[in-house]
Structure formats: structure tokens, C-alpha cells
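Trainee: Below are the C-alpha cells for one structure; questions will follow.
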Amino acid sequence: MLDATLRRRLPPRITTPEFWPATFDRYDEILSTAAHCQVEHLGTSAGGRAIHGVTCRGRSGAPTVGLVGGMHGHEPQGPATCMNVISVLGYGRDLKGTSWPEIVGDLNYVIVPLLNPDGRARMPNSFVGLARQDILHYDAGMTLDGERYDPQGDCNPEEMMILGGLYNDAGNHVNRETDPENIRSPEVRATMGFIADHRPDIVLEFHAHAAPPLLIRPTNLVPDEAQQEQEQICERIIADAKAQGILFDGKVPTSARCSTSLYHHFGGATPILYESPQGVLDSKAPWSHEQIIDTCMFVVSELCSYLMRK
């Protein structure tokens, strides 16, 4: 049998539009020119990669929006959206020149563009135009025997041909950190420290799947009052999206298995998880890069509008 490192696959380097930054050099380029924001080093991933936090200060006493991208490496639209929001806050337009008047500098912003840089480094830059099966090769990963890994928890990287985007380089399943007293991954630990320091009112965590847009309410460790606010916000986003011809999945499921809930435990924030379409051809309605980013930005603008009114 070949050595494990020799049998591992490297991801295809799929070219993406300029408004869809998906590589570390593009992230660094955008963050290095974001003079309107403060960029700080939060910690280091299991694989030795930097985790950054970005703060953009609004008027004194204004509410704070929290955004977290890249929990899963195979979901690149989250980091791309965070970079587009940073562009709007500095220049009034996103990376393709669209203005988003609800995303205003009056609010405070607390952003972790890429929580799991290890996962992102191993993954394709996009799944737009590919097939659902392509995602299945990369999300949970593939064993050395060529079988899709069953993601019940952490994994042993030495047993994987493709270490999936769910994991950091140590094999920690970063979105299954539900015990605040026993956080194994340095990525989640660093992010929660950042959230605890800045205490945003809402944290939106970006994810993606091979289906229409979906909002999820994380509920473990989240009290009833915050769950009621989750429901109110999600219902409003779905209604406003429908009015603009964006068809979300009308159901708002709950989940008690996500580390997303820790944003409330550590920072008092109302946590919301957004599943964006991946753009695969065999989904119910294929989405382009532009449609995906625009819908992600729409969700952010809805949260900003909600906080401005609140």
C-alpha cells in the first residue's frame, strides 16, 4: 500500500471571480488594505495557520454585528462574503461594485473571515458548476480505501486520503465543539475569545449546502428569549427574501449539535446559522457565483437593518 501522504489528493484549483476571494493571498491582500478596520491575530490553527479577527468601529453605543466565515473549509462563500462586507464598510461597495445601503458604518462589526484556515487550504475554491457528488468527496473526506468518511466526530488524519473540510489539520470536527468547558480545537477557542471580548448582538455563521438557502437556529446553551429573537429574525429574512424573488427554504430547523451556540455562551450574542447554496448543477436550482454572494450579502443587510431599527 502507498504511504498515506502519497495517496492523498490535492484539491483542484478552480478559478473564481474577483468578487469571490478564495485563496490566502487574496485574503491577505484585502485585509492589508482595510485601513478602515483593525485586523488582529487571534491565534494559530492546528496546522500553524493564522486566524484573524477584524473590527470595524461605528458610532458610540451602536449595536454590533458578528460575522464568522470558513468554519468548514469546503464552504468558501463565507470568507468571500466577509471580504465583501469589509469592502462595503471601507468603500461603499462590494468587490463587484454593488452598494448595500443597509450595511452601514454606524454599526460596529466583529468579523472572523476564516475560522478554519486548515480546512480551506485543502479545499477547492468553489463547487459552482460541479456535481453534488463532488462535495461529498470533500466535506467529510475520503479514507485511504476510497470510501467517504462517516463524520461522527473527530478523525485520524493519517487514515484519510482526503482530510475533509469539516476538520482542522489535527482532525478536530470544529463545528461539533458543544461543550464550553472542553473545547479541543484552537480555532474555536480563539474565535470564542474574540467574541467574548467584543460581545456582538448577533453572530451570523456562514455555511453552505447543495440546496436552496436555509436558516438554522442553534439552540444548545441558548435561552428561550434568544431563541425567540432567532425565530423572529429568521422569519423576517425569509419573508423579505420572498418579496425580492429569493426563495429560501421556508422551514427554520433547530440544531443542538453546533458550536455556533457558543457565541451566546461566551459573548451573549443571538446565534444564527446560514446555509448558502453551493451552486452545484444537480441541485433544485443551480446558483451562480454572483447569486450566491448577493444572497449572502442580502442576509447580512437584513441583520444590519434589524439592528438599526432595534
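Trainee: For the ranges 117-128, 142-153, 297-308, 16-27, what's the packing order if you count other beta-carbon atoms within 10 Å of each residue, average per peptide, and put the highest first?
Mentor: Per-residue mean Cβ counts within 10 Å order the peptides as 117-128, 297-308, 16-27, 142-153.
Trainee: Given [x] 35, 60, 5, 0; [y] 30, 51, 18, 1; [z] 27, 48, 21, 3, 0, which label gives P(r) over Cα pairs in 20 Å bins from 0, in percent as computed from the coordinates?
Mentor: Given [x] 35, 60, 5, 0; [y] 30, 51, 18, 1; [z] 27, 48, 21, 3, 0, the structure-derived one carries the label [x].
Trainee: Another question about this same structure. Does segment 261-310 come out rounded, prolate or oblate by the C-alpha gyration tensor, with a ≥ b ≥ c the root eigenvalues, rounded set by a/c under 1.5 and, if not, prolate when a/b is larger than b/c and oblate if not?
Mentor: Verdict is oblate for segment 261-310.
Trainee: Against the longest alpha carbon principal axis of the chain, how many degrees, from 0 to 90 and to the nearest 10, is the axis of helix 224-243 turned?
Mentor: Rounded to the nearest ten degrees, it is 90.
Trainee: What number, rounded to the nearest 500 deg cm²/dmol, is the helix-based mean residue ellipticity at 222 nm of the chain, given -39500 (n - 2.57) per DSSP H run of at least four residues and division by all its residues?
Mentor: -10000 deg cm²/dmol
Trainee: Here is a further query. By how many degrees, between 0 and 90 and to the nearest 10, does the Cα long axis of helix 77-91 differ from the longest principal axis of the chain?
Mentor: That helix lies at roughly 40 degrees to the long axis.
Trainee: At a Cα cut-off below 27 Å, give the lysines reachable from Lys96, other chains included and same-chain residues fewer than 8 away excluded.
Mentor: List returned: Lys242, Lys284.
Trainee: With springs only between Cα atoms under 10 Å, which of Leu89, Leu281, Leu114 fluctuates most in a Gaussian network model of the chain?
Mentor: Ranking Leu89, Leu281, Leu114 by mean-square fluctuation puts Leu281 first.
Trainee: I would also like to ask the following. Among Leu115, Pro63, Val104, which residue has its Cα positioned farthest towards the positive end of the charge dipole of segment 61-161, with +1 placed on the Cβ of Lys and Arg, -1 on the Cβ of Asp and Glu, and the dipole taken about the Cα centre?
Mentor: So the residue we want is Val104.
Trainee: Would you mind working out the magnitude of the charge dipole of the chain relative to its Cα centre, with +1 at each Lys and Arg C-beta and -1 at each Asp and Glu C-beta, to the nearest 20 Debye?
Mentor: That gives the chain a dipole magnitude of about 420 debye.
Trainee: By the scheme Lys and Arg +1, Asp and Glu -1, what is the net charge of all other residues having a beta-carbon under 10 Å from that of Lys96?
Mentor: It works out to a net charge of -3.
Trainee: Now for a separate question. Nearest 10 degrees, 0 to 90: what angle lies between the long axis of helix 289-309 and the longest principal axis of the chain (Cα atoms)?
Mentor: Approximately 40 degrees, to the nearest 10.
Trainee: What percent do you get for the relative contact order of the chain when only Cα pairs under 8 Å and 6+ apart count?
Mentor: Once normalised by length, the contact order is 21 percent.
Bear in mind these aren't lab numbers, they're just calculated from the coordinates by the rules spelled out. Since the structure is predicted, the reported quantities are computational estimates derived from the model, not experimental observations. A quick note on method: Cβ atoms are made from the backbone with ideal geometry, for glycine too, and the neighbour counts reach across all protein chains shown.
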